[in-house]
Amino acid sequence: MLASIRPYLPTAALAFLIFYFGFHAFTGDRGLLSSDARDAALAAKISELHKVRVERQDLEARARLLRDTSLSADLLEERARSLLGFADPRDYVIRVKP
């Protein structure tokens, strides 16, 4: 019995490997069926990247105004008040819960 099956064992092993890799090519993490999820994740990351770039440009502009060569008195006063917790007597202070 085993002698009659022995010639077909390499073919069966090769067929199993083809089935295994074909199955994972369709349903794996990077398979053909998961391309929609990857596209959605890519779109979300691109929008997050855009938001972070805008935030970085804002921070760079604010840092540029705090340098020695071009010091903005208003921005310096704002940062000092926020860090030290002081307010001008003429300011209206509205407290909100964090």
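Computed from the coordinates by the stated procedures, all read-outs in this text should not be read as laboratory data. This is a predicted model, so every value here is computed, not measured. In this analysis, Cβ positions are derived from the backbone assuming ideal geometry, glycine residues included, and neighbour counts consider all displayed protein chains.
For segment 18-36, residues that are surrounded by 10 or more Cβ atoms within 10 Å (Cβ to Cβ) and either among the aliphatic types (A, V, I, L, M) or touching a helix residue (DSSP H, G or I) at 6+ places or on another chain (Cβ under 7 Å) (or both) total 6. For residue 10, the conditions (1) touching a Lys or Arg at 6+ places or on another chain (Cβ under 9 Å); (2) in a helix (DSSP H, G or I); (3) of a type outside the set (Lys, Arg); (4) surrounded by fewer than 10 Cβ atoms within 10 Å (Cβ to Cβ) are fulfilled apart from (1). Taking (1) surrounded by fewer than 10 Cβ atoms within 10 Å (Cβ to Cβ); (2) among the hydrophobic types (A, V, I, L, M, F, W, C); (3) assigned to a helix (DSSP H, G or I) in turn, residue 96 satisfies each apart from (3). Determine if segment 24-31 includes at least one residue that is among the acidic types (Asp, Glu) and either more than 26 Å from the chain's Cα centre (by Cα) or in a helix (DSSP H, G or I) (or both). For segment 24-31, residues among the acidic types (Asp, Glu) and either more than 26 Å from the chain's Cα centre (by Cα) or in a helix (DSSP H, G or I) (or both): absent. When we screen 58, 74, 68, 36 for residues that are acidic (Asp, Glu) and not in a helix (DSSP H, G or I), the only hit is 68.
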